[in-house]
Amino acid sequence: MSKFFSKKHGGLVAYTPGEQPKDRGYVKLNTNESPFPPSPFVSAAVQAGANGLNLYCDPENTRVNTAIANYYGVQKNQVITGNGSDEILNYAVCAFCDDTSPLVFADITYGFYPVFAKINAVPTKIIPLKEDFSIDVEAFCAEQGTVVIANPNAPTGICLSLETIEKIVAAHKNSVVIIDEAYVDFGGESAVKLVEKYENLLVVQTFSKSRSLAGGRLGFGIANEKIIADLNTVKYSLNPYNVNTLTQLAGEASMQDKGYFEKNVATVIANREYTVAKLEEMGFEVLPSKANFVFARKSGLDGGEWYVRLKEKGVLVRHFTSERIKDFNRVTIGTKEQMDAFLKATKEILQGE
Ligand SMILES: *Cc1c(COP(=O)(O)O)cnc(C)c1O
């Protein structure tokens, strides 16, 4: 740290992204990307758009927002897009949290939430997951503040029903409830359909996982038009041109290729069920996942050791060191071939090879 770094950020502990190694060709199952390239519609749109890069991008993100609004059956003024959904989540913490409305989230969830709270200098309230790693719904209903829940949760993969989400939203009439649906396409039910009914609900999704656009950086929020207007006030104060031209076009094209999206999601779900069955055959405990990853452990196997040995064998997964989950690893669901490589390496490790 230089001597110039602002005191107000002195205690900031930044988010640590998953490794993106360049040193060798890993079977990369550590950051929940899609194993499939984007839709062919996307490369065509991006190529055609390159000639327009001398001009600033559309600050209203009109074409991509319209495509998203049409897809979900909402109005264009109920949509905001961002440079990844991380940007939308940060805008939301900036817009809706303060000393009287702390950011409320689970102890085991997306690691960026505490960082957003810290950089926006707002207090937090942490609600431990229950013994079985599910969200403590009663505690979330009782705690006042701006709630953020990843549904399905990360890194557990456990999903709440829409009914339960509605109960939590209804319990917070005077604050915003953010449902982070980064993984919802892999088997959850989206809360977008509740947006008409609840003025305090903000649903956030991303193109990074189910739509194969992690490197394009595109995420979006859907909410009541007043919530979206507030988020736009923050956006126009920080970064009016927040989504570049090529990514706007990529997002629009991606939304238009529904068949490709649905086929890839179905493949990932099938590969997940296959992987879970194989892990359970080997004696692993796998939390019930509705995401494009599984969270697994095996008694007698140290989670850190499993991670390191896999890496030596060229398979990269995500290990977290916090006490409650240090014996788990989070394994992204890739192609069948990738999952077979992971399963083979794991079997060898169990056999001491
Ligand atoms: C991946 C992820 C995101 C954000 O991804 P972006 O690439 O910024 O859109 C948000 N929330 C959770 C829980 C995630 O896992």
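Summary table below
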| item | result |
| --- | --- |
| Sum of side-chain charges, PHE105 neighbourhood, beta-carbon under 12 Å (Lys, Arg +1; Asp, Glu -1) | -3 |
| Cβ-based exposure ranking for LEU202, LEU279, in which fewest neighbours within 10 Å come first | LEU279, LEU202 |
| Calculated FRET value between ASP98 and PHE5, using beta carbons and R₀ = 22 Å, to 0.05 | 0.35 |
| Listed pairs LYS22/LYS298; LYS7/LYS235; LYS209/LYS235 exceeding 28 Å between Cα atoms | LYS22/LYS298 |
| Max mean-square fluctuation residue, GNM over the chain, Cα-Cα springs under 10 Å, options ASN174, ASN292, ASN90 | ASN174 |
| Helix-derived mean residue ellipticity, 222 nm - over the chain, DSSP H n ≥ 4, -39500 (n - 2.57), to 500 | -11500 deg cm²/dmol |
| The chain: C-alpha pair distances exceeding 28 Å, % | 45 percent |
| Cα-based shape type of the stretch 68-202, given that a ≥ b ≥ c are square roots of the gyration tensor eigenvalues and the cut on a/c is 1.5 | rounded |
| Protection-proxy order for peptides 259-266, 206-213, each taking the mean of Cβ atoms within 10 Å per residue, highest first | 206-213, 259-266 |
| Overall form of the stretch 21-124 per C-alpha gyration tensor (a/c, 1.5; a/b vs b/c) | oblate |
| Sparse-neighbourhood loop sites, GluC sites (Glu not before Pro) in the stretch 157-222 - DSSP loop, at most 16 other Cβ within 10 angstrom | GLU189, GLU196, GLU199 |
| Gyration tensor (alpha-carbon) shape descriptor, the stretch 162-274, a/c threshold 1.5 | oblate |
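Read-outs throughout are calculated quantities, based only on the coordinates presented, and are distinct from any laboratory measurement. Quantities reported herein were computed from a predicted structural model and do not represent experimental measurements. Don't worry about glycine lacking a Cβ; one is built from the backbone with ideal geometry, like all the others, and counts go over all protein chains shown.
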